[in-house]
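Working notes, beginning with the structure itself.
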Ligand code: SF4
């Protein structure tokens, strides 16, 4: 089976930077915790666990020592709490996430009701909301969002008639565009100002356009990455939307030879948190079919 890899795939520079820091710490990183999962990839998480790195879901559950803010960032409240508790803080927030936090904070300070397009459970999104004094609304569906905006406006607590929308950095570009179009079509006329900031990061956009291009050249697509990695799932969805038979695998062992029967060329892409050696092992096995 011939294999073609996407021109952009695997670790983005933000994840590489965070992982380099752990490599620099050496084999023993006991006493170090990350705030939330470092990356949504089981291979990476396992290798960090082996070095003694713990995962804390919140600052309160860190027993002491060093707390690492991951590439996804954190809220100012979490950072202040870590400082107050005397934890040694290592901040590896990706600069592109910091940029979104800053935009959201500035817009909130200017009186805009900030809306974050994304997944409300994701660490990055929770962090961004924190930079707006926890006032930002999170949504991935404009139809669901608009009634909340209207209710908020009528409650008199705030008058969110000036909206500013930012995106989680790893969302699919097409879905963000649709969200904005739906928002405009459902908003009442008295919402007079809407600012839109497309804050999807360049590495995400590059990986998304690369998988769409690759889908034109292959007849089956394998997407490699953690099953709970949103950016990996989005790559698989984009490939499916191109009408391609697509499989999302976390481990090389998940590959099934029968998937490749009747196919000539397999495409391989991978999410921003997938290690190179996992991608290469997937490619090697497909080439053997
Ligand atoms: S996906 Fe984008 S924002 Fe997130 S860590 Fe990578 S480069 Fe930074």
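Assorted remarks:
- Residue that is in contact with a strand residue (DSSP E or B) (Cβ under 7 Å, 6 or more places away or on another chain) and under 22 Å from residue 275 (Cα atoms), where the choices are 235, 163, 205: 235
- The condition of being at pLDDT 95 or above, in a strand (DSSP E or B) and either buried (at least 19 other Cβ atoms within 10 Å of the Cβ) or within 17 Å of the chain's Cα centre (by Cα) (or both) holds for only one of 125, 116, that being 116.
- The set of residues from the range 17-69 being in contact (Cβ under 8 Å) with a residue 40 or more places away in the chain, assigned to a loop (DSSP other than H, G, I, E, B) and touching a strand residue (DSSP E or B) at 6+ places or on another chain (Cβ under 9 Å) comprises 36, 37.
- For residue 155, the requirement of being free of Cβ contacts under 8 Å to residues at least 12 places away in the same chain and away from the ligand (no atom under 16 Å from the Cβ) is met.
- Scanning the range 237-270 for residues that are over 16 Å from residue 43 (Cβ atoms) and within 16 Å of the ligand (Cβ to nearest atom) turns up 238, 269.
- Some residue of the range 258-265 being surrounded by 18 or more Cβ atoms within 10 Å (Cβ to Cβ), in contact with a helix residue (DSSP H, G or I) (Cβ under 6 Å, 6 or more places away or on another chain) and not in a loop (DSSP other than H, G, I, E, B): no
- Restricting the range 70-98 to residues that are part of a strand (DSSP E or B) and away from the ligand (no atom under 16 Å from the Cβ), the residue that is surrounded by the most Cβ atoms within 10 Å (Cβ to Cβ) is 89.
- When 209, 273 are checked against the criterion of being under 23 Å from the mean Cα position of the chain (by Cα) and either surrounded by 21 or more Cβ atoms within 10 Å (Cβ to Cβ) or in a strand (DSSP E or B) (or both), 273 stands alone in meeting it.
- Odd one out for residue 155 among (1) loosely packed, with under 14 Cβ neighbours inside 10 Å; (2) touching a helix residue (DSSP H, G or I) at 6+ places or on another chain (Cβ under 8 Å): (2)
- Among the residues listed as 197, 227, the single one being within 25 Å of residue 107 (Cβ to Cβ) and in contact with a helix residue (DSSP H, G or I) (Cβ under 9 Å, 6 or more places away or on another chain): 197
The values are calculated or read from the model by the stated rules, or taken from the named source; none is laboratory data. Bear in mind that the values here come from a model prediction, so they are computed numbers and not experimental data. Every residue, glycine as well, gets a Cβ built from its backbone with ideal geometry; the counts of neighbours run over all protein chains shown.
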